[in-house]
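Report on one structure; see the data block that follows.
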Amino acid sequence: MRDENTLDVIDGSVVVAATPGQVQLTHILYLLHAIGLVVGAWSQAATMIGAFVFGWTSIIAIIINYVKRDELKGTFLESHFIWQADTFWRCAVVMLIGIALYFVLVGFFINWLVFGLVGLWAVYRIIKGWLALNEGKPVA
């Protein structure tokens, strides 16, 4: 049975309260994803999306995300872990499609545009999620 002190009410729903360590870990994971995006944005060797999907910081973040996900069941942080994983895997799918299209003439002309737009989308998602975390809210 849960203690009353371990429950929070968010948007009318009762959820398990997250520990300060879990909140800090979620901040660190957002930071790792953000580092991957920044490295890609400033690197001439990789695209923003490529560094996000294949960069070591995002790979470490997604591994930790899956290892720790069960510990966050019922907390508002669960939505952040789902949000981060969803962002990562959608970017990975677009990156793989873009790489495949690169070898076709049409893909050669549009893949950089697609990579850039998806990179900006990933930036938006990381910022939106991180802002929600700072406010102590689940990400929608």
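The values are calculated or read from the model by the stated rules, or taken from the named source; none is laboratory data. Given the structure is predicted, the values throughout are model-derived calculations rather than measurements. Quick reminder, even Gly has a Cβ in these numbers, built from the backbone with ideal geometry, and neighbours come from all protein chains shown.
Might you let me know whether the stretch 67-74 holds any residue that is under 18 Å from VAL23 (Cβ atoms) and part of a loop (DSSP other than H, G, I, E, B)?
yes
Kindly establish whether THR19 is surrounded by fewer than 16 Cβ atoms within 10 Å (Cβ to Cβ), over 16 Å from the mean Cα position of the chain (by Cα), at pLDDT 75 or above and polar (S, T, N, Q).
Spelling it out, THR19 is indeed surrounded by fewer than 16 Cβ atoms within 10 Å (Cβ to Cβ), over 16 Å from the mean Cα position of the chain (by Cα), at pLDDT 75 or above and polar (S, T, N, Q).
Of the residues in the stretch 53-94, how many are farther than 21 Å from ALA41 by Cα and out of contact with any strand residue (DSSP E or B) (no Cβ under 7 Å at 6 or more places or on another chain)?
Total satisfying the criteria: 18.
When you check VAL23 against the structure, is it closer than 17 Å to GLU135 by Cβ and touching a residue at least 12 places away in the same chain (Cβ under 8 Å), yes or no?
yes
Take the residues of the stretch 85-140 that are part of a helix (DSSP H, G or I) and of a type in the set (D, E, K, R): which is farthest from THR19 (Cα to Cα)?
Looking at the filtered set, the residue picked out is ARG90.
What number goes with the only condition from (1) in contact (Cβ under 8 Å) with a residue 40 or more places away in the chain; (2) within 17 Å of the chain's Cα centre (by Cα) that THR57 does not pass?
(1)
Could you say which residue among LEU37, LEU25 is touching a Lys or Arg at 6+ places or on another chain (Cβ under 9 Å) and modelled with pLDDT of 75 or more?
One residue alone meets the criteria, LEU25.
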